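Novice: Handing you a structure now.
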Amino acid sequence: MPSSEFIGIIPAAGGGTRLGLPYPKELHSVEPGVLYVDYSLMQLREAGIKEAFVVTTSAKLGDLAKALMYERHGVKLHYVEVQPTDSKSLVGSVLRGCRRAEYRLEYEKFVVVLPDSKFGDHQAVKKLVEHGHEPSFLAFDCPDPSQFDSIYVQYDEVKRVLVKKPVDESLGVRAGCWGALTLDQDAVKRLKKLVRTTPAHEAGDPHLLGELIDADIASGGKWSWVHVFGGYVDLGEWDRVQKYVRDLNG
């Protein structure tokens with residue numbers, strides 16, 4: 001089993017506006033008895049990770065805690081509350097979760113798994129944490145990179161992260177789109193510094209995680225990657241949800 005030095009981070013502070021549900025999207029279900037967040041928790045369990053921090057807002061905290069309680073699928077859960085002004089930022093959620101997890105001295109590394117994605121390989125996160133090089137991306141084949149964040153690599157090193165753009169062959173070998181990542185203490189410190197020293201997205205949005213990591217790589221930060229087969233399904237938009245349900249029903 002992977003080392004217990006890993007702890008899970010599940011960023012669940014977003015408003016879920018793309019789905020427009022009257023309850024947190026993490027509690028939505030497209031398969032009987034399985035919530036969105038269960039996909040993440042089952043991945044963590046398969047990876048031998050025993051604890052996770054669920055980062056959310058006060059508006060969602062009560063619903064999530066009532067539904068998930070403090071242990072689910074063999075993973076002990078802790079809840080971290082962020083301010084609504086931070087909730088739009090995946091960066092803010094990840095870093096807040098890591099900061100809280102740092103107080104658990106037995107853990108030195110973090111694995112971030114998004115709560116609205118289902119991986120085709122049920123041991124995808126296990127393969128990521130067993131990779132043994134942090135920080136690292138979990139990369140999947142992806143038919144439409146303009147909807148996701150692509151990583152470009154040279155051998156075992158990530159050279160660029162391109163955020164929701166068409167494939168750019170001038171950047172080198174595209175390994176795929178990322179669906180999860182690991183962080184160590186040094187990477188967390190570097191990302192925190194970049195949040196303080198770089199401007200937010202030009203559209204007025206908070207920092208985008210892919211862009212921040214790309215800036216870290218440009219500054220000399222070293223990132224690795226692991227490729228897994230089977231792809232993944234982003235269940236955060238209705239058209240993708242409907243297609244997935246159609247495929248489930250044959």
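Novice: Does region 119-196 classify as rounded, prolate or oblate by the C-alpha gyration tensor (a ≥ b ≥ c root eigenvalues; a/c under 1.5 gives rounded; else a/b over b/c gives prolate, otherwise oblate)?
Specialist: Note, shape of region 119-196 comes out oblate.
Novice: While we're looking at this one, here's another question. So which cysteines in the chain don't have a second cysteine's C-beta under 4.7 Å from them?
Specialist: Cys98
Novice: Rounded to whole Hz and in sequence order, give me ³J(HN,Hα) for region 71-80 from the Karplus expression 6.51 cos²θ - 1.76 cosθ + 1.60, θ = phi - 60°, writing x for Gly and Pro.
Specialist: My calculation for region 71-80 gives 7, 8, 6, x, 10, 6, 10, 10, 10, 10 Hz in order.
Novice: Write down the accessible area per residue of the chain in Å², having rolled a 1.4 Å probe over the full set of protein chains.
Specialist: Per residue, the chain has 48 Å² of solvent-accessible surface.
Novice: So what's the net charge close to Ser150: Lys and Arg +1, Asp and Glu -1, counting the other residues with Cβ under 12 Å from its Cβ?
Specialist: Charge balance near Ser150 sits at -1.
Novice: With a 10 Å radius around each residue's Cβ, average the other Cβ atoms per peptide and rank 241-250, 144-153, 6-15, highest first.
Specialist: 6-15, 144-153, 241-250
Novice: Report the gain in length on full extension from Glu5 to Gln123: 0.36 nm times residue separation, minus Cα-Cα distance, nm rounded to one decimal.
Specialist: Here the answer is 40.7 nm.
Novice: Which percent of the accessible area of the chain is formed by carbon and sulfur heavy atoms (probe 1.4 angstrom)?
Specialist: Using a 1.4 Å probe with all protein chains present, the chain comes out at 51 percent carbon and sulfur.
Novice: Now for a separate question. Which far-off residues, 5 or more places away or on another chain, put their amide H under 5 Å from the one on Val55, with H placed in the peptide plane?
Specialist: Result for Val55 returns Ile10, Ala12, Val80.
Novice: Expected output is a single nm value to one decimal: the length gained when fully extending between Ser146 and Glu237, i.e. 0.36 nm times separation in residues minus the C-alpha distance. What is it?
Specialist: Between Ser146 and Glu237, full extension yields an extra 31.3 nm.
Novice: In addition: If Lys and Arg each add +1 and Asp and Glu each add -1, what is the summed charge of the other residues whose beta carbon sits under 10 Å from the beta carbon of Lys109?
Specialist: Neighbour charge sum, excluding Lys109 itself: -4.
Novice: For region 206-230 and region 43-103, write down the distance between their C-alpha centroids in whole Å.
Specialist: Their Cα centres are 22 Å away from one another.
Novice: Show that you can apply the helix-only estimate: for the chain, add -39,500 (n - 2.57) for every DSSP H stretch of four or more residues, divide by all residues, and state [θ] at 222 nm to the nearest 500.
Specialist: Helix contribution divided over all residues of the chain: -9000 deg cm²/dmol.
Novice: Between rounded, prolate and oblate, where does region 11-162 land on the alpha carbon gyration tensor, with a ≥ b ≥ c its root eigenvalues, rounded for a/c under 1.5, else prolate if a/b exceeds b/c?
Specialist: rounded
Novice: Next up: Quick one: length gained pulling Val195 to Asp156 fully straight, 0.36 nm per residue minus the C-alpha distance?
Specialist: That works out to 11.4 nm of additional length.
The values are calculated or read from the model by the stated rules, or taken from the named source; none is laboratory data. Everything quoted here is computed from the prediction, not taken from an experiment. Note that we place each Cβ from the backbone using ideal geometry, even for glycine, and neighbour counts take in every protein chain shown. Accessible surface areas use protein heavy atoms only, side chains included; no ligands, DNA or RNA. Shrake-Rupley method; radii C 1.70, N 1.55, O 1.52, S 1.80 Å.
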